[in-house]
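S.K.: Just passing along the structure, written as structure tokens.
Derivation of every value follows stated rules applied to the coordinates shown; laboratory data play no part. Quick caveat: nothing in here was measured; it's all calculated off a predicted structure. Because the Cβ atoms are built from the backbone with ideal geometry, glycine has one as well, and the counts that use them run over all protein chains shown.
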Amino acid sequence: MSQYLIGQSPRLSGEVSISTSKNAVLPILAAALLTHEEIIIHQVPNLTDTCHMAEILKVCGAEVSFCQGDMRIRALSIGSPKENSLLRTMRASVLVLGPLAARTGECELSMPGGCAIGQRPIDLHLKGLQKLGAKVELDGGIARVSGGLKGANIYLDFPSVGATENLIMAAALAKGVTRIENAAKEPEITDLCHFLTAMGARIAGAGTNNIIIEGVEHLHGAEYTPIPDRIEAGTLACAAALTDGSVLLSGARSDHMRALLFKLSEAGVICQEDEKGLRLRGKARHPMEARTLSYPGFPTDMQAPLMVVATQTHGLSVFLETIFENRFMHVVELKRLGAQIRVEGQLALIHGGKMLTGASVTATDLRAAAALLLAGLVAQGETRVSDPDGHLVRGYESLEEKLRALGAHAQKLPDIQ
Ligand code: EPZ
């Protein structure tokens with residue numbers, strides 16, 4: 001069990017470097033299965049999720065080494081991952097479906113389970129693979145995909161990030177041309193397309209709703225450094241906005257963060273891009289309205305961290321969560337700290353301006369964990385964040401150390417077995 005002790009903190013100030021994006025690295029690691037040649041990915045963040053994805057690639061038969069941020073993968077002879085608990089616990093394991101189906105003509109995968117924030121179905125992934133000619137069978141929690149893949153026109157009922165990524169990877173080796181309409185446009189998908197192109201894939205329309213992939217016979221090895229993590233950067237930006245800070249997020253790509261930066265600017269924070277990254281100055285003082293949407297709309301992963309900022313502005317903020325069915329679990333814990341929030345279905349009404357008081361709270365999911373650390377920065381006294389399932393380290397590389405480097409009173413207590 002991990003625990004974090006967060007004290008009421010002074011204005012954050014100074015510079016901190018942004019890690020490479022978890023949500024870019026995970027599909028890129030899965031894409032390494034598409035070639036037998038060596039793949040080297042630089043600056044891979046040391047997270048539970050990236051380590052688990054490395055384990056899943058090994059279970060598929062790939063050789064994987066991870067040293068000082070460089071992950072080397074060589075998928076000489078690969079096959080479906082045998083029964084492995086990781087496949088059920090780690091959602092992103094579904095991303096090996098497309099590459100395995102494309103490379104070996106078949107894949108048998110334990111259906112990844114849901115998680116705290118929602119059911120997380122994979123129907124769009126499977127429907128798209130069927131459109132590419134694969135035979136898809138579901139049998140007691142196991143998905144079996146078989147048959148050669150041929151280019152096709154696919155329409156996604158919802159711009160699913162994971163389904164878009166899986167289908168781009170599958171189409172890269174399919175015979176013929178594939179068009180994916182209503183595709184997701186997240187920067188992590190554009191990054192995956194850049195990586196696949198470096199491997200010799202033929203892709204047009206990355207970052208738009210219409211992506212065209214011309215299948216090729218083989219893909220070759222490549223070396224690549226993925227984009228910075230816009231959600232880690234956004235989380236640290238919220239920490240600065242909470243404490244009236246003056247912070248430089250070096251390496252941050254503000255062009256990937258427009259929706260959040262507009263919200264923080266509306267609330268009164270000065271956000272400035274410069275050659276080193278993103279500078280934030282001042283405190284968020286005005287209430288906000290936020291509706292989570294697919295990119296370039298306001299990101300659902302930033303909903304919990306920004307809600308903490310809203311608790312400290314003066315007035316009523318209104319948040320609408322449209323992406324996941326159960327992504328307000330941080331509200332109960334924030335109310336334990338004294339926040340005045342009312343949830344009505346997918347709507348959260350935040351009556352801001354009330355001082356928070358430190359207490360013991362529990363992390364329920366990855367972004368909720370980050371939100372609770374942020375809340376501790378402004379709560380009077382001490383806040384103890386228990387994280388029994390290790391959510392925070394799934395997606396943040398030493399967040400408490402980065403906060404401390406900016407002057408926060410934040411420490412991780414020794415894990416309790
Ligand atoms: C990715 O998840 C991210 N994870 C999530 O980040 C992020 O919140 C999400 O995209 C939305 O931006 C990674 O990239 C590893 P989706 P993904 O498929 O691909 C429904 C974090 O905190 N849906 O776009 O699973 C689904 O139920 C994580 O870093 C279907 O109905 O997201 C959800 O309601 C959390 N059928 C919505 O679409 C499907 O086949 C969005 O899902 C697929 C999805």
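S.K.: Please report the antiparallel percentage of the DSSP beta bridges confined to the stretch 210-329, to the nearest 5. Mind dumping the intermediate values first?
M.R.: Working: 10 of 14 bridges.
Looking only at bridges with both residues in the stretch 210-329, the antiparallel portion is about 70 percent.
S.K.: Could the peptides 123-130, 232-239, 64-71, 381-388 be put in order, highest first, of the mean number of other beta-carbon atoms found within 10 Å of their residues? Intermediate values should be presented prior to the final figure.
M.R.: Working: 123-130: 20.6, 232-239: 27.9, 64-71: 13.9, 381-388: 18.9.
Peptide ranking by packing, descending: 232-239, 123-130, 381-388, 64-71.
S.K.: Please give every one of the lysines within straight-line cross-link reach of K354, meaning a C-alpha to C-alpha distance under 28 Å, and leave out same-chain neighbours fewer than 8 residues apart.
M.R.: K354 reaches K263, K283, K335, K402, K412.
S.K.: Bins of 5 Å, beginning at zero and ending with the bin holding the largest distance: percent of Cα pairs per bin for the stretch 1-159, please.
M.R.: 2, 8, 16, 18, 18, 14, 10, 5, 3, 3, 2, 0
S.K.: Could you tell me the relative contact order of the chain? Use alpha-carbon pairs under 8 Å, at least six residues apart, and round to a whole percent. Intermediate results must be reported in sequence, preceding the final value.
M.R.: On the way: 1057 pairs, mean separation 87.4, N = 417.
Averaging sequence separation for qualifying contacts and normalising by length gives 21 percent for the chain.
S.K.: List the relative contact order of the stretch 106-185 as a percent without decimals, with contacts defined as Cα pairs under 8 Å and 6+ residues apart.
M.R.: Details: 130 pairs, mean separation 24.3, N = 80.
Reported as a whole number, the value is 30 percent.
S.K.: First select every other residue whose beta carbon is under 12 angstrom from the beta carbon of T178; then total the charges, Lys and Arg +1, Asp and Glu -1.
M.R.: Surrounding charge for T178 is +3.
S.K.: Could you list which residues have their amide H under 5 Å from that of A290, counting only those 5 or more apart in sequence or on another chain, with H placed in the peptide plane?
M.R.: V318, F319, L320
S.K.: Quick one: plug the Kirkwood hydrodynamic radius of the chain (C-alpha pairs) into Stokes-Einstein at 10 °C, 1.306 mPa s, and report D in µm²/s. Intermediate values should be presented prior to the final figure.
M.R.: Values: Rh = 21.8 Å.
The diffusion coefficient I find is 73 µm²/s.
S.K.: Please state the relative contact order of the stretch 222-343 as a whole percent: Cα pairs under 8 Å, 6+ residues apart? Don't jump to the answer; show the numbers that get you there.
M.R.: Details: 194 pairs, mean separation 27.3, N = 122.
Once divided by the residue count of the stretch 222-343, the mean separation gives 22 percent.
S.K.: Report the net charge of residues surrounding L149, where surrounding means a beta-carbon distance below 12 angstrom and charges are Lys +1, Arg +1, Asp -1, Glu -1. Display every interim value, and only then the final one.
M.R.: Numbers: positive: R103, K131, K135, K150, K175; negative: E106.
Local net charge: +4.
S.K.: Okay, next question. Long-range amide H contacts for E15: which residues qualify at under 5 Å (H placed 1.01 Å from N, peptide plane, sequence gap of 5 or more or a different chain)?
M.R.: Here L248 satisfy the definition.
S.K.: Here's another thing I want to ask about it. For the chain, what is the calculated [θ] at 222 nm in deg cm²/dmol (nearest 500), taking -39500 (n - 2.57) for each run of four or more DSSP H residues and dividing by its residue count? Working shown, then result.
M.R.: Details: 14 runs with 129 residues, N = 417.
One gets -9000 deg cm²/dmol as the mean residue ellipticity at 222 nm.
S.K.: Once phi is turned into ³J(HN,Hα) by the Karplus curve 6.51 cos²θ - 1.76 cosθ + 1.60 with θ = phi - 60°, what whole-Hz value does each residue of the stretch 116-131 show in order, with x for glycine and proline?
M.R.: The phi angles translate into 4, 8, x, 5, 6, x, 10, 4, 5, 4, 5, 5, x, 5, 5, 4 Hz.
S.K.: So what J values fall out for the stretch 68-77 if you push phi through Karplus, 6.51 cos²θ - 1.76 cosθ + 1.60 with θ = phi - 60°, rounded to Hz, Gly and Pro as x?
M.R.: Values, residue by residue: 6, x, 8, 10, 10, 10, 9, 9, 5, 10 Hz.
S.K.: Something else now. Net charge around P305, counting only other residues with Cβ within less than 14 Å of its Cβ (Lys, Arg = +1; Asp, Glu = -1)?
M.R.: Numbers: positive: R230, K263, R327, R367, K402; negative: D229, E232, D301, E321, E333, D365.
Here the count lands on -1.
S.K.: Suppose we keep just the DSSP beta bridges with both residues in the chain; what percent of those would be antiparallel, to 5?
M.R.: On the way: 59 of 79 bridges.
Around 75 percent of the beta bridges assigned by DSSP in the chain are antiparallel ones.
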